Amino acid sequence: MKNRIVLYFSATQSEQPIIYQLVKEYDLVVNILKANINPQKEGLMVMELTGEKDNYDSGIEYLSSLGIACEPLSETVMWNEALCIQCGACASFCPTEALAMERESMEVSFDNSKCVVCGMCLECCPTRAITLHFDIKEAV
Amino acid sequence: MSYQKSYEEINEKIRKGEAVVVTAEEVIDIVEEKGYAQAAREIDVVTTGTFGPMCSSGAFINFGHANPRIKMKKVWLNGVEAYTGMAAVDAYLGAGQLPESDPENKVYPGRFTYGGGHVIQDLVAGKEVRLEAIAYGTDCYPNRALETIITLDDVNEAFMFNPRNAYQNYNCAVNLGDRPLYTYMGILRPKLGNAAYSTSGQLSPLLNDPHYKTIGIGTRIFLGGGIGYVSWNGTQHHPNVLRGENGVPKTPAGTLSVIGDLKQMDPNWLVGLSYVGYGATMAIGIGIPIPILDEEILHYTAVKDEDIFCPIVDFFEGYPYKKDIDLGFANFKELKSGKITINGKQVVTTPQSSYPRARKIAATLKEWITAGKFEISQPVQMLPGADSNIDFKSIPDRHPANGIIFNSRMGGNKYEK
Ligand code: SF4
Ligand code: SF4
């Protein structure tokens, strides 16, 4: 299985060789998508874990046993209206009409509640007005 | 002989604040209501607009001299190289130029997040930009390298000079292949997954003056939020193509080369773009006023989306390998509805140019003219028209006859032993 998770950890926890352990002991493939550690060594890490279901579950158990909070990652898509030139390209790729064009005015608008984060719009926008954001709490 | 107006008569009305100016959209309804004869008397100017990617664009910049003086051999702005094979501190920055560090399509499809168009937008936005230059040094220009930070205010001249803009009509691009294509028309999904089109249709400058009766060399225009001029026909200007009964070309045809002072332009109307898998470019806003000199010209400006057709072209094999694949034509009303039918299949349409922005340009130009801030200009020379005999040329495949030596970069290795 493959899952994206966010880990929140404190200073003592950040000194643990967790990535090494996940790879070596639990046979998981770890892909770090984002890491943010402050000077006090507290922080968060967004990672993608891939491996057998049993290994994955034990790996998560291991992290929890260290007191590291693990949560499934939720991603959101943001539309920066100020950068958008209203070309309409994204609306033709969006499968859910979250990005949709009003045909009379030919203007594009974004309705976050309809977005399923499929990512289709991210590639096609020439002004990079659409970006993917990881929904992350303030680090503990 | 029907009613006629001269450029000077129209300008006199503009100066007095009495000119009747409408956009190329508004004129359609007015003509329907009042008829051509009446509308031609009343309307003085019809404004057009287009806002979309125009790769063949760039700007000339004169940086002024450093101390000691430098004859630039190479120059970069934010890491993007500008061409400086001219006088010491003159350069031309092209919209499609990439930084040398750009990974291009090595990891396919590349992102092309920053290029010449983005630099131009940054400059116009008043941002600070890194200037680097190298030189070999001469007695008159001893400096060999410089590195500094500049803004648009620091340079002497900066003028946009675009070899090819405002294409009169353009292909509608589709993909008959079985993998996605990353093109200058955007992403084309396989097996007729979408159809990408450009130009603003009934608002587009050259579609409203299909025979270039008023748009010519010297025409004053809206360019990038400022005032510019048509400087020549654009590159690949090919007016002698298939046209409809209304005179509108049914394939890509005329083009314009335009010029204007970058220092009075606006970053909202010059926007750097990144086309995944293709490259960097920029969107340029252009608006052209069309003086209603007579009823015939009014006829042209009243053209509607449903009467403008463009060819549907396959970008899997048809376009890149110049194969003839007939997929018919689409009209702009259908294209703008969001779906067209190709070979009996419904296909979603993907616009490249921004219709809301084109509308805004036409409206802005209307405002300028109505307020007496912008006068129309009579071309000093007309562009080659539909009756010209222009050959659309390709690069010939030749190699030198035995014993003749040409200077070359690659040593002529491709052909000669
Ligand atoms: S991520 Fe997918 S669903 Fe969400 S706006 Fe983009 S294309 Fe639409
Ligand atoms: S593709 Fe980008 S610039 Fe074009 S309408 Fe969508 S968000 Fe705006």
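The values are calculated or read from the model by the stated rules, or taken from the named source; none is laboratory data. On a predicted model such as this, the values are computed, not experimentally measured, just so you know. Virtual Cβ from ideal backbone geometry, glycine too; neighbours counted across all protein chains shown. The protein model used for the area step is the full one, side chains on, heavy atoms only, and it has no ligands, DNA or RNA in it. Shrake-Rupley method; radii C 1.70, N 1.55, O 1.52, S 1.80 Å.
Observations, loosely collected:
- Going through (1) over 29 Å from B:D305 (Cβ atoms); (2) away from ligand 1 (no atom under 16 Å from the Cβ); (3) modelled with pLDDT of 95 or more one by one, A:I60 falls short only on (3).
- Subset tally (residues that are in a strand (DSSP E or B) and among the hydroxyl-bearing types (S, T, Y)) for segment B:276-302: 1
- For segment B:248-275, the tally of residues that are open to solvent by less than 10 Å² (accessible area, probe 1.4 Å) and part of a loop (DSSP other than H, G, I, E, B) stands at 4.
- Among the residues of segment A:82-135, those that are over 25 Å from B:Q121 (Cα atoms), touching a residue at least 24 places away in the same chain (Cβ under 8 Å), more than 10 Å from chain B (Cβ to nearest Cβ) and surrounded by 17 or more Cβ atoms within 10 Å (Cβ to Cβ) comprise A:C94, A:L99, A:F110, A:C115.
- Checking each residue in segment B:54-82 for being out of contact with any helix residue (DSSP H, G or I) (no Cβ under 9 Å at 6 or more places or on another chain) and under 27 Å from B:T214 (Cβ atoms) picks out B:M54, B:S56.
- Restricting B:T199, B:T281 to those that are at pLDDT below 95, closer than 15 Å to B:N165 by Cα and within 14 Å of chain A (Cβ to nearest Cβ) reduces the list to B:T199.
- Restricted to segment B:317-383, the set of strands (runs of 3 or more DSSP E) holding at least 3 residues that are surrounded by 13 or more Cβ atoms within 10 Å (Cβ to Cβ) and either within 14 Å of chain A (Cβ to nearest Cβ) or touching a Phe, Trp or Tyr at 6+ places or on another chain (Cβ under 6 Å) (or both) comprises B:345-351.
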